[in-house]
Ligand SMILES: [Zn+2]
């Protein structure tokens, strides 16, 4: 193969790999953000269920205090019954006692229902806690893996850029300018192989004469349609 052409093919190989590595590195911060976002959501779900159990337990304490008070009042009324002198007062206190007994049973029922709800909610909280713990471990592992991957890609990138720099010094100046213009205007592909009679850059059939010349790899030839520098392969 013509030396200039060979250098351009190698330069293109380096530029293509640089583009791939850059794209892979650019995608990593987004992946890390998504991992962190998922963890944040898991924590928010735990916070919500924790707030709910706290609210229920506070309500339970309130209801228990209320029950104590009502039970106290009931006992006082019941002990008063023995000191009462008139029938009228007696039936009034009896009526109060009935009312208080009803309150006690309503409160006891409410506390039982609430205890059931608390049990369900505590179970959900334990599950959310478990989920957050495993999400945290997983997020840490995944983030560290992605960060290691990013460091590796950056290392590879600087190697490739070094190789690219010395490779481009080997290419004759006007040819390098042509290459760089094409690289910019042809989506990162300036040098394309020709295969089965076609330019692999734009997939258009070359004239048989051009194709034959390209296959010999003895001169710098370009595709008539996309202008890419061609070389014969296969
Ligand atoms: Zn072409």
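The values are calculated or read from the model by the stated rules, or taken from the named source; none is laboratory data. What you see is a predicted model, and the numbers here were worked out from it, not measured in a lab. Cβ placement follows ideal geometry from the backbone for every residue including glycine, while neighbour counts extend to all protein chains displayed.
Is it true that residue 210 is touching a strand residue (DSSP E or B) at 6+ places or on another chain (Cβ under 8 Å) and within 15 Å of the ligand (Cβ to nearest atom)?
yes
Which pairs do you get when a residue that is closer than 15 Å to residue 19 by Cβ and not assigned by TED's automatic domain parsing to the domain that holds residue 222, found in segment 183-204, comes within reach of a residue that is outside any helix (DSSP H, G or I) and more than 9 Å from the ligand (Cβ to nearest atom), reach meaning Cβ atoms under 7 angstrom, with the pair 6+ apart or on two chains?
Filtered contacts from segment 183-204: no entries.
Could you grab the pairs with beta carbons closer than 7 Å, sequence gap of 6+ or different chains, first residue in segment 38-51 and free of Cβ contacts under 8 Å to residues at least 12 places away in the same chain, second one in a helix (DSSP H, G or I)?
none
Which is surrounded by 14 or more Cβ atoms within 10 Å (Cβ to Cβ), within 16 Å of the ligand (Cβ to nearest atom) and more than 21 Å from residue 4 (Cα to Cα), of 135, 198?
198
Test residue 215 against the stated conditions and say whether it is over 42 Å from the mean Cα position of the chain (by Cα), in a loop (DSSP other than H, G, I, E, B) and either free of Cβ contacts under 8 Å to residues at least 40 places away in the same chain or within 10 Å of the ligand (Cβ to nearest atom) (or both).
For residue 215, the condition - over 42 Å from the mean Cα position of the chain (by Cα), in a loop (DSSP other than H, G, I, E, B) and either free of Cβ contacts under 8 Å to residues at least 40 places away in the same chain or within 10 Å of the ligand (Cβ to nearest atom) (or both) - is not met.
With the structure loaded, tell me whether residue 185 is modelled with pLDDT of 95 or more, away from the ligand (no atom under 15 Å from the Cβ) and on the phi < 0 side of the Ramachandran plot or whether it fails that test.
So residue 185 does not fit the description; no.
From the list 107, 39, which residue is over 30 Å from residue 134 (Cβ atoms), in a helix (DSSP H, G or I) and touching a helix residue (DSSP H, G or I) at 6+ places or on another chain (Cβ under 9 Å)?
107
Using the structure shown, decide if residue 139 is modelled with pLDDT of 95 or more and in contact with a helix residue (DSSP H, G or I) (Cβ under 9 Å, 6 or more places away or on another chain).
yes
State the number of residues belonging to segment 221-234 that are more than 12 Å from the ligand (Cβ to nearest atom) and over 19 Å from residue 14 (Cα atoms).
1
Conditions tested, residue by residue: (1) surrounded by 13 or more Cβ atoms within 10 Å (Cβ to Cβ); (2) under 30 Å from residue 231 (Cα atoms).
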| position | (1), (2) |
| --- | --- |
| 93 | yes, no |
| 98 | no, no |
| 104 | yes, no |
| 175 | yes, yes |
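Go over the candidates 111, 28, 84, 97 one by one and state the one that is in the same structural domain as residue 158 (by TED's automatic domain parsing) and under 30 Å from residue 158 (Cβ atoms).
After applying the criteria, what remains is 28.
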